[in-house]
Amino acid sequence: MLMEMKVTEFTRELASKSPAPGGGSVSALAGSLAAALVAMVARLTAAGADQEVMPDVLAEATALQASLQGHVDRDTDAFNRVMSAYRLPRQTQREKQARSAAIQAALKGATDHPMQVAEECLRVLRLCREAAAAGNPNAISDAGVAALMAYSGITGAMFNVAVNLAGIKDQDYQEQAIGRRDRIMSEAAPLYSGIRVLLLEKMPHMARW
């Protein structure tokens, strides 16, 4: 289990020539780290004036942290199923048909999974906005890092969606996936931009890049 490794062990495995774990697992990890930071900001705000807001933020952030941690391993599993499908025999016509069907099913799974990661990272990004707006002002930079990590998780997951979607022949599935992708990104991009504006207001010495 990747999430049971020490950080040094995980990064060593990530840097190896094995293609998994890869960007998909890192995207899920980024979202989990973002959720953990939001949870920290919520706890640091517990004694402040926004007690009615932060307990809800803390509860959702904690749940998303756990879920996204689980996705770190599930993304690698999804990738391995694709690789296993490509290794199936293809000597006879029946084998070729079975292999093709297995590849298509595995590619759909490898597309659905990062899409789910992106959706959960989007939920984390919404929490980041609340943490930045109503959280302990001394932790505003932590809320900013959380937003950066959550948005990285979304966009990284979408890279994996794109690479797997390209190999799927089911046009109806492609259209549904593209619609789902566009819905997520149409909220994520302006949401992240809005958080950056808020951070600039609260941290005037932040570099304007």
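Inspection of the stretch 116-129 finds no residue satisfying the criterion of being free of Cβ contacts under 8 Å to residues at least 24 places away in the same chain and under 21 Å from ALA30 (Cα atoms).
When VAL197 is tested against (1) among the β-branched types (Val, Ile, Thr); (2) modelled with pLDDT under 95; (3) buried (at least 20 other Cβ atoms within 10 Å of the Cβ), only condition (3) is not met. No other residue among ALA78, ALA106 is under 25 Å from the mean Cα position of the chain (by Cα), crowded, with 17+ Cβ neighbours inside 10 Å and closer than 13 Å to SER25 by Cα apart from ALA78. Scanning the stretch 96-141 for residues that are part of a helix (DSSP H, G or I) and polar (S, T, N, Q) yields GLN97, SER100, GLN104, THR111, GLN116, ASN138, SER141. Being part of a helix (DSSP H, G or I) and farther than 30 Å from VAL197 by Cβ is true of GLN174. Just checking, does the stretch 79-88 include any residue being at pLDDT 95 or above and not in a helix (DSSP H, G or I)? The answer is yes; a qualifying residue exists.
The values are calculated or read from the model by the stated rules, or taken from the named source; none is laboratory data. Note that the structure is predicted; figures quoted are calculated from it, not measured. Here the Cβ is made from the backbone with ideal geometry for all residues, glycine too, and neighbour counts use every protein chain on show.
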